[in-house]
Amino acid sequence: MRYSNKYFISIIFFLMFWVVQSMAQNISDYNIVWHSPSKNSSESMPCGGGDIGMNVWVENGDILFYFSRSGTFDENNTLLKLGRVRVRLTPNPFDGNDFSQELKLEEGHIIIKGKNNTISSDIRIWADVFNPVINVDISNNQNLKVEVFYENWRYQDRLLRKNESNQNSYKWAASKDLVTKKDEIQFERDKILFFHQNDKQTLFDVVVQQQGLEAVKSEMFNPIKNLTFGGVLEAKNFKASDISIGIYADTDYKAWKLESNKPTKNAQIKIKLHTEQTENIDDWKSNLYKPIVSDLAKNKIWWKAFWDKSFIHVQSEKKESKGFEIARNYQLFRYMLGCNAYGKYPTKFNGGLFTYDPVHTDSTLNFTPDFRKWGGGTHTAQNQRLVYFSMLRSGDTDMMKPQFDFYNRILTTAELRSKTYWGHEGACFTEQIENFGLPNPSEYGWKRPESYDKGMEYNAWLEYQWDTALEFCFMILETERYTDKDISTYLPLIESTLRFFDEHYQYLAKQRGRKALDEQGKLVLYPGSACETYKMAYNAASTVAALQTVSSRLLELPQIQSDTIKSKYFKEFLTRIPEIRTREIDGHTTISPAWLWERVNNVETPQLYPVFPWGIYGVGKPNLDIALNTWKYDNDVIKFRSHVGWKQDAIWAARLGLINEAKELVTNKLESANTRFPAFWGPGYDWTPDHNWGGSGMIALQEMLLQTDEERILLLPTWDKSWDVHFKLHAPYNTTVECKLENGEITLLKVTPENRKKDVIEVF
C-alpha cells in the first residue's frame, strides 16, 4: 500500500501537535468539583469577573449566592455587599443524589448540575468581564417552575452593635447610635430595583474635621459623597410575585421574588449593576438601564488568555501529592484575583470580594454578611502589597492598575497633609489609609493630647510608618521594567513620595537642632519605624532599603535622565540616604533592623526587607552570607517565623536559596485551607478569606522557580529537584520563561524572546 508525502507530513504535524499539547498546561485539572450540596455560606465557591465577586453554594435544594462589586462603600466606609440571590426550581432537581457544582477555571464560571429521577438541570453562573452584569443561565430537561429571590438585610436602618463597626472606618470608636443606612428596594414592573445612596455628609467629613484639614477640604478627593450603587434583577418572561421575611445565619432579611410566568425549560436571570457619584437618582437609573449585551464567547476568550499568560504545574501526574495541591491552590487564588481585574479599587487584603457570613469565621460575631475585620474602605499597605507583587511574575500587570490608581487618586491629599501640617513638599502616605487618603480616624486617635502634632497618628503601632507607599512605587517601576509600559502618569506619585522623606526628615532635624543632615551629609531618619515592630527607630533598614532602591530605579528612567533639574535633585537625594547597618550576633554579621530603636511592638521582620522586597541581598548577589546569618542567628527573626497570614518567611527563604526551608514554608502556606474551598485561607491576622496569605504564598512559589537580577534570570534557584514542575512565568524586558523539570532533568526550556536565553543561569 502506498502513502503520499502529504500523508506522512500530516502524521508528523499531528505528532508535533500532540507533543506540544501534552506539554502545555491544562488548567481544567485544577477545577474544583463538589458532589454534594453545602451546609452554609462558609462552604461557598468563588465566582466572578471584571470587578464582581460571588460566593456560590447550594443549600437545601436552593442555589444561593452573595454578590459584591469593587468600590461599593457606604457613609461609614463599609464595603457593602449588594445582596444575596436565591434560585429555586420546582420540582427540584437538586434533591436527588446526582449533584455536582464545578468551578470551571478555564471559563471563569460555575456549572451546577442536578438530577432527581427524570428531572435534570444545568445552570451556569458567571460574571461578565467586560460589563457589570451577573448571568444565571438555566437549562432544564423538562418545564420547571423557576423562582428567583433577591434577599437583602438592609431593608431598614441597622444599628451597629458592639464590635460590629470593625467593618467600617470607625472601628472600636463608633458612636452608640451609628447605623448602616437602609437600601431602597422595590419592584419596577417585572424587575427588582435595589440601590444604596450615600448622603452628602459622610465619614469623610468627620475625618477631615478630626484631622484639622477643613481649610483644604475642597481640594481633597472624596469618593463616598453621594455615592450610589446597586442594580436591577430581571428575567425575561418572569413576573413580580411577593415580598417575604426570613433569617439566615442569625441575620433577618426581606426577599423580593420574581417567578416564571409558566414552567419553562430555559431561563436567563440577569443582574445589571451600576455605581456612580450623583445626587440625582433618575440619572443613576438612566445609566443603569442602558442596554448591555453579555457575550459568553468573548468572556471565554478572555479567561483563556488569562490562563495562557502564565502557570505553575507541580507533580501534575500525581494528583494526590502535596506538590499538586499547592499548585492547584496557587491557580485557585490567582483566579480569585482575576475576578477584580478591572475594579476601580484594589482587591482588599481582608477577603477581597468573597467574604461570607462572619459567624462561620468567628462564632461570637453574629453580624450581617457585610462584616469583615479591618474595615472596608481602609487599606493597610503592608497587607495590600502582598496581594499585588505576584502579578509581575504571573504576567497580570494589567490587574495592578487599580492598586496604582488608588495611590494616584489620593496623591493631592497626601501632599496637602505635608503642606498643611509641616509646611514642606512631598506626599505623606500613612500605613493604614482610607480610600480618600487620610489616616484611619481611630488609628489616628480620637483622644489625643491637644499639643500633639496634627500630622501624626497617636498610635504606638503606626507612628512614623510612612515607607510602605514606596513598595507600590517600586511595583510601578517594575511594571515599566517588565513590560515597557508608559508609567508617566505615575511619576509625580513616585517623585513626591521620595521627596517627602528628604524634606520631612530635614524638617525634623531642624526642630531638634541647627543642622539638617548628619556629619556625613546624610539624612537622619529619626524618629522612624521599621515596619510596626521596631519603634522610634533610627535609620530603619526597611526604610533605607526602600529609599535606595526606588530612587536608583527612578534615575534609570529616560524621562528623569532627560530632565536636568529632576536628575540632579534625585542624584543628590540618593547620596543623602544613609546606609543599612549590620550588627554582630554571636560572632556572625547580620542585618540590623535599624541603627537604634526604643522598643519592639509587633512580630514583623524588617531586617530581611533588604532581601524582599528590595532585592539588595539574594542568590547570586554580594554579601549573601550576611542575609543568611540574619535568617539563622537573629533571635527575633527566628521567633517571628511563620507561614500564617501576611508572614513572608517563605519568600525570604526562597530569595536566600534555602531549598528545604522554602519548600516547607510554602507547603504550609499554600496547602488547602480548613474551609471547603481550598483557597479560602484565614483568618490569620486578618479575615477569611485572607488574601495576603494567598498572595505571599504565590510570591514564594514563584521565587522558588525564577528569580531575576537586572538582566540575569536565575532558573530554579530554590527548587527541590525531586518535585517535577512545569511553569511559565514572566521576567523583566518583556520576557517569558517556560521550563519543564522531569526526574531531575530540564526537558524543556523556552525563553521568549529567544535572545534572552543567554541571560538564563541554571542554578541547578
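The C-beta contact set for the range 159-184 (first residue assigned by TED's automatic domain parsing to the domain that holds Gln201 and over 29 Å from Ala255 (Cβ atoms), second residue assigned to a helix (DSSP H, G or I) and not polar (S, T, N, Q), distance under 6 angstrom, 6+ apart or interchain) comprises Ser169/Leu203. All but one of (1) within 24 Å of Phe67 (Cα to Cα); (2) among the charged types (D, E, K, R); (3) within 28 Å of the chain's Cα centre (by Cα); (4) surrounded by fewer than 19 Cβ atoms within 10 Å (Cβ to Cβ) hold for Lys239; which doesn't? The failed condition is (3).
Mind checking which residues of the range 213-249 are part of a loop (DSSP other than H, G, I, E, B) and touching a Phe, Trp or Tyr at 6+ places or on another chain (Cβ under 8 Å)? Full working, then the answer.
First, the residues of the range 213-249 that are part of a loop (DSSP other than H, G, I, E, B): 213, 220-226, 236-237, 249.
Matches in the range 213-249: Met220, Phe221, Asn222, Pro223, Ile224, Lys225.
Can you tell which of Pro717, Pro753 is under 15 Å from Ala654 (Cα atoms) and out of contact with any helix residue (DSSP H, G or I) (no Cβ under 7 Å at 6 or more places or on another chain)? Walk me through it before giving the result.
On the way: Pro753 fails: under 15 Å from Ala654 (Cα atoms).
Going through Pro717, Pro753 in turn, just one is under 15 Å from Ala654 (Cα atoms) and out of contact with any helix residue (DSSP H, G or I) (no Cβ under 7 Å at 6 or more places or on another chain): Pro717.
Restricting attention to the range 421-462 and to residues that are aromatic (Phe, Trp, Tyr) and outside any loop (DSSP other than H, G, I, E, B), the residue that is farthest from Asn77 (Cα to Cα) turns out to be Trp422.
Name the one entry in Asn163, Asn140 that is out of contact with any Cys (no Cβ under 9 Å at 6 or more places or on another chain) and surrounded by 19 or more Cβ atoms within 10 Å (Cβ to Cβ).
Details: Asn163 fails: surrounded by 19 or more Cβ atoms within 10 Å (Cβ to Cβ).
Testing whether each residue is out of contact with any Cys (no Cβ under 9 Å at 6 or more places or on another chain) and surrounded by 19 or more Cβ atoms within 10 Å (Cβ to Cβ) leaves just Asn140.
Checked against (1) aliphatic (A, V, I, L, M); (2) modelled with pLDDT under 95; (3) farther than 12 Å from Ile713 by Cα, Val763 passes all but a single condition, namely (3). Of the helices (runs of 4 or more DSSP H) lying entirely inside the range 260-352, those containing at least 1 residues that are surrounded by 19 or more Cβ atoms within 10 Å (Cβ to Cβ) and without any contact (Cβ under 8 Å) to a residue 24 or more places away in the chain are 322-338.
Could you tell me whether any residue of the range 407-422 is farther than 24 Å from Met698 by Cα and touching a His at 6+ places or on another chain (Cβ under 8 Å)?
Keep residues of the range 407-422 that are farther than 24 Å from Met698 by Cα, which gives 408-422.
From what's left, touching a His at 6+ places or on another chain (Cβ under 8 Å): 418, 422.
Checked the range 407-422: at least one residue is farther than 24 Å from Met698 by Cα and touching a His at 6+ places or on another chain (Cβ under 8 Å).
When Asn692, Asn660 are screened for being in contact (Cβ under 8 Å) with a residue 40 or more places away in the chain, surrounded by fewer than 24 Cβ atoms within 10 Å (Cβ to Cβ) and assigned by TED's automatic domain parsing to the domain that holds Gly376, only Asn660 passes.
With a requirement of 1 or more residues that are of a type in the set (A, V, I, L, M, F, W, C) and farther than 24 Å from Phe333 by Cα, the helices (runs of 4 or more DSSP H) lying completely within the range 625-734 that satisfy it span 635-640.
The set of residues in the range 484-523 being of a type in the set (Lys, Arg), free of Cβ contacts under 8 Å to residues at least 24 places away in the same chain and either touching a His at 6+ places or on another chain (Cβ under 8 Å) or part of a helix (DSSP H, G or I) (or both) consists of Lys510, Arg512. Among the criteria (1) surrounded by 24 or more Cβ atoms within 10 Å (Cβ to Cβ); (2) in contact with a Phe, Trp or Tyr (Cβ under 6 Å, 6 or more places away or on another chain); (3) under 28 Å from Lys318 (Cβ atoms), the one Ala673 does not fulfil is (1).
To keep it simple, each residue is scored yes or no on (1) at pLDDT 95 or above; (2) more than 33 Å from the chain's Cα centre (by Cα); (3) exposed (fewer than 15 other Cβ atoms within 10 Å of the Cβ).
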{"position": "Ala537", "(1), (2), (3)": "yes, no, no"}
{"position": "Ala541", "(1), (2), (3)": "yes, no, no"}
{"position": "Glu556", "(1), (2), (3)": "yes, no, yes"}
{"position": "Tyr569", "(1), (2), (3)": "yes, yes, no"}
{"position": "Thr575", "(1), (2), (3)": "yes, yes, yes"}
{"position": "His588", "(1), (2), (3)": "yes, yes, no"}
{"position": "Ile591", "(1), (2), (3)": "yes, no, no"}
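Scanning the range 105-139 for residues that are part of a strand (DSSP E or B), of a type in the set (Gly, Ala, Ser) and in contact with a helix residue (DSSP H, G or I) (Cβ under 7 Å, 6 or more places away or on another chain) yields a total of 3.
Would you call Glu325 modelled with pLDDT under 95 and over 20 Å from the mean Cα position of the chain (by Cα)?
On the way: modelled with pLDDT under 95: no; over 20 Å from the mean Cα position of the chain (by Cα): yes.
No: the conditions fail for Glu325.
Within the range 432-440, is there a residue that is small (Gly, Ala, Ser), surrounded by 15 or more Cβ atoms within 10 Å (Cβ to Cβ), in contact with a Lys or Arg (Cβ under 7 Å, 6 or more places away or on another chain) and closer than 24 Å to Glu219 by Cβ? No, the range 432-440 contains no residue that is small (Gly, Ala, Ser), surrounded by 15 or more Cβ atoms within 10 Å (Cβ to Cβ), in contact with a Lys or Arg (Cβ under 7 Å, 6 or more places away or on another chain) and closer than 24 Å to Glu219 by Cβ.
Filter the strands (runs of 3 or more DSSP E) completely within the range 524-624 down to those with at least 1 residues that are touching an Asp or Glu at 6+ places or on another chain (Cβ under 8 Å) and under 25 Å from Leu508 (Cα atoms). Can you show your working first?
On the way: elements: 528-530, 534-537, 582-585, 588-591.
The strands (runs of 3 or more DSSP E) meeting that bar are 528-530, 534-537.
Would you confirm whether any residue within the range 721-729 is on the phi > 0 side of the Ramachandran plot, surrounded by 15 or more Cβ atoms within 10 Å (Cβ to Cβ) and out of contact with any Gly (no Cβ under 7 Å at 6 or more places or on another chain)? There is no residue in the range 721-729 that is on the phi > 0 side of the Ramachandran plot, surrounded by 15 or more Cβ atoms within 10 Å (Cβ to Cβ) and out of contact with any Gly (no Cβ under 7 Å at 6 or more places or on another chain). Find the residue count for the range 172-207, including only residues that are in contact with a Leu (Cβ under 7 Å, 6 or more places away or on another chain) and assigned to a helix (DSSP H, G or I). Within the range 172-207, residues that are in contact with a Leu (Cβ under 7 Å, 6 or more places away or on another chain) and assigned to a helix (DSSP H, G or I) number 1. Confirm whether Ile292 is among the hydrophobic types (A, V, I, L, M, F, W, C), more than 27 Å from the chain's Cα centre (by Cα) and under 23 Å from Asp398 (Cβ atoms). For Ile292, the condition - among the hydrophobic types (A, V, I, L, M, F, W, C), more than 27 Å from the chain's Cα centre (by Cα) and under 23 Å from Asp398 (Cβ atoms) - is met.
The values are calculated or read from the model by the stated rules, or taken from the named source; none is laboratory data. None of the values given here were measured: they were computed from a predicted structure. Cβ atoms come from the backbone with ideal geometry, glycine included; neighbour counts cover every protein chain shown.
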